[in-house]
Amino acid sequence: MNMDHREAMELFSAYQDGDVTAEERASLEAHLAQCAACAQEWQRFREMVSSLSGLLPITPPVDTVVQVKQKIRRRSAGRFFNTDNSLSTRFGVVSFTLILAFMLGYLLLQAVSEISVFEASAPLDIPPVRDSATDIDIDTDSGRLVDTGRHHTDTEGDAAQRQVK
Amino acid sequence: MTSREERHIQRLKQRDPAAFEELVRAHQTPIFNMLYRMLGNREEAEDLLQEVFVAVFKQIDGFRGEASLTTWIYRIATNHCINRQKYNRRRAQHASESWDANHSAGAEAMPSPFPQPDEALEGARMERRLQIAISELDEEQRIVLVLRDIQNLSYEEIEQVVGVPGGTVKSRLHRARMALKEKLTRGEG
């Protein structure tokens, strides 16, 4: 089948995508082989499509996920993506409270057990109270009070003094 | 659809935050590129990218698995693009005016669209030329061109995204490619 310029160019897109019949392909290739103008157009067409597919991808903003979540949170009045009510936050608060309670309980138990051990293992070493005082004299040389080591006993003089009182 | 995808969709429908994060991370780059090529403006593409995922979150219950999840997200993104461009048109904002020059730093004004081999594909310059020409295409043509030639979707996937028969997709694509070639050729002279 012979084709003209217009028919040839009508097939460019399908030919580019491999979407032509064997007959169309043969006719177009025969036309391009003998028509310099169409061959040049085809060359430009091919280069253009190749340039489009060769465009480098553009990177979206790194905070897209965060921005989208914030937008949803605002528009849902905090129903979604609300960090204060999120499961992880609630879990964190509960965990913290439990740990704090456990630590306080542990400290309390420690304190109680330390008091018990102290009482059981270290009785107070209080010297026995003497049932009578020792006599004290005055050292005439130095003028200081001196414990004589002798136990004071009730004398007749003491009893007479109590009676006077 | 694999059982893993089914489980993921189930988690999305239960509004599982981790599943949603996974979805955004997996699809943000292709969807962002599609939006950028359609709009030609990075800021606007960034804003619309967020809106697309907000819509996905809201509408996930309506996903019935007739198409793939990726195709479904592309459809949402396409609809957002169309709406945004309508809005922009109302504000008399021409697409080529909003081309983001920041993206192609160092680009010069309209050099030859078909460079000689010794200067072939100087990244930023070629990209700028292409982006301007894409922005000037008719909206219907631009969508199929971006989905097919940049995003590399199949005809079948484009049918599902755009919601038109395969024959219409092919004819729109052909017209889009020829129109783009003409624009680039005109820019050469």
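Each reported figure results from applying straightforward, stated rules to the coordinates on display, with no laboratory input. Quantities reported herein were computed from a predicted structural model and do not represent experimental measurements. Neighbour counts are summed over all protein chains in view; Cβ atoms, including those assigned to glycine, are modelled from backbone coordinates with ideal geometry.
Treating cross-link reach as a plain straight distance, find the lysines whose alpha-carbon is under 23 Å from the alpha-carbon of B:LYS181, omitting any fewer than eight places away in the same chain.
B:LYS170
What is the order of B:MET126, B:MET1, fewest Cβ neighbours within 10 Å to most?
B:MET1, B:MET126
If each residue of separation counts as 0.36 nm, what is the full-extension length gain between B:ALA55 and B:ARG186 once their alpha-carbon separation is subtracted?
43.2 nm
Straight-line reach only, C-alpha to C-alpha below 26 angstrom: list the lysines that B:LYS13 could link to, leaving out same-chain residues fewer than 8 apart.
Within the straight-line limit of under 26 Å, B:LYS13 reaches these lysines: A:LYS69, A:LYS71, B:LYS58.
Can you list the residues, at least 5 places off or on another chain, whose amide H is less than 5 Å from the amide H of B:ARG15, using H built in the peptide plane?
Here nothing satisfies the definition.
Between the stretch B:1-54 and the stretch A:41-83, what is the separation of their alpha carbon centroids in Å?
Comparing the Cα centres of the stretch B:1-54 and the stretch A:41-83, I get a distance of 8 Å.
Which GluC sites (Glu not before Pro) from the stretch B:9-79 combine a DSSP loop assignment with at most 14 other Cβ atoms within 10 Å?
B:GLU66
How large is the Kirkwood hydrodynamic radius of the stretch B:1-88, counting all unique pairs of alpha carbons, in Å?
About 13.4 Å for the stretch B:1-88.
Which ordering of B:VAL56, A:VAL94, A:VAL66 is given by a fewest-first count of other beta-carbon atoms within 10 Å?
Least to most surrounded, the residues fall as A:VAL94, A:VAL66, B:VAL56.
Grab the beta carbon distance between A:PHE96 and B:GLN14, set R0 = 41 Å, and tell me the FRET efficiency rounded to 0.05.
About 0.90, to the nearest 0.05.
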